[in-house]
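Taken together, the values in this text are just the output of simple stated rules run on the coordinates, not laboratory data. The shown structure was predicted, so the numbers you read here are calculated from the model rather than taken from an experiment. Note that each Cβ is placed from the backbone with ideal geometry, even for glycine, and that neighbours are counted across all protein chains shown.
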């Protein structure tokens, strides 16, 4: 696949929410192309529509207008070709680290031996070796988010979607996780679309920063 190939494309995207019988336009004529292997940060103030963009490409929200495509095909629902990492850790408290990572593979009916091999490789990748049998309550915030990243990678998605994944972490842990994410990105070469409202985080992580305006959100400027 050509490195310049566009994987994600938003064209004239619009999204309107209704609250108390009033329409709130979250996105208006939003356009963006994301290419293979890019680490793109969506940067903007709270409430500007960053998360809405992410949820639409994830298939968790539908747009009111425009088009969104993945590998040239219109996005109408979720799928294993997109891995989502949320700000909240969203782990199953009754499942171990290994079993949380393997959840999506279980749903797909992947044999146990293959699930175990995949989870072991990802546990090594995200630096959780020795914690395979720990439950979420036994983990720090940074460790929980490592599990979330590994779980998202388990299905071998083409795109990793990250919605302020380090927002709830303390400053020191956040800095550590940013470095870890860059290491994982370098090792796996995934395309990443990352939402943040932190300028420092965007500058440190991304090879392209997309600045969004306040509502109604449009792409204001893109920086390499």
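Here is how the numbers come out for the structure above:
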{"read-out": "Most fluctuating residue given options 206, 171, 134, as computed from a GNM of the chain linking Cα atoms under 10 Å", "value": "171"}
{"read-out": "Relative compactness, segment 63-136, computed as alpha-carbon Rg over 2.2 N^0.38 Å", "value": "1.38"}
{"read-out": "In Å, descending, principal axis extents of the Cα set of the chain", "value": "48, 42, 37"}
{"read-out": "Segment 1-105: relative contact order as a whole-number percent, Cα under 8 Å and 6+ apart", "value": "28"}
{"read-out": "Gap separating the Cα centres of segment 21-98 and segment 102-122, nearest whole Å", "value": "25"}
{"read-out": "The chain: relative contact order as a whole-number percent, Cα under 8 Å and 6+ apart", "value": "30"}
{"read-out": "Gain in span if fully extended, residue 17 to residue 208, counting 0.36 nm per residue against the direct Cα distance", "value": "65.9 nm"}
{"read-out": "Nearest-0.05 FRET efficiency for residue 33 and residue 64, computed from C-beta distance (R0 25 Å)", "value": "0.75"}
{"read-out": "Quotient of Cα Rg and 2.2 N^0.38 Å for segment 66-186, N being how many residues it contains", "value": "1.07"}
{"read-out": "Structure-based [θ]222 nm, the chain - -39500 (n - 2.57) summed over DSSP H runs of at least 4, per residue, nearest 500", "value": "-9500 deg cm²/dmol"}
{"read-out": "Simple spin-label estimate for residue 176 and residue 124 in nanometres, 7 Å along Cα-Cβ", "value": "2.2"}
{"read-out": "Overall Cα dimensions of segment 94-156 - principal axes, largest extent first, Å", "value": "30, 23, 18"}
{"read-out": "Listed residues 58, 202, 187, most fluctuating in the chain (Gaussian network, C-alpha, under 10 Å)", "value": "187"}
{"read-out": "Relative contact order (%) - criterion: Cα under 8 Å, at least six apart; region: segment 94-156", "value": "52"}
{"read-out": "C-alpha long axis of helix 112-125 to longest principal axis of the chain, angle in °", "value": "70"}
{"read-out": "Sequence of 62, 198 once ranked by neighbouring C-beta atoms within 10 Å, starting from the fewest", "value": "62, 198"}
{"read-out": "Residue with peak Gaussian network fluctuation, the chain [Cα springs, cutoff 10 Å], from 211, 203, 97", "value": "203"}
{"read-out": "FRET efficiency for residue 74 and residue 138, using Cβ-Cβ distance with R0 set to 41 Å, rounded to 0.05", "value": "0.45"}
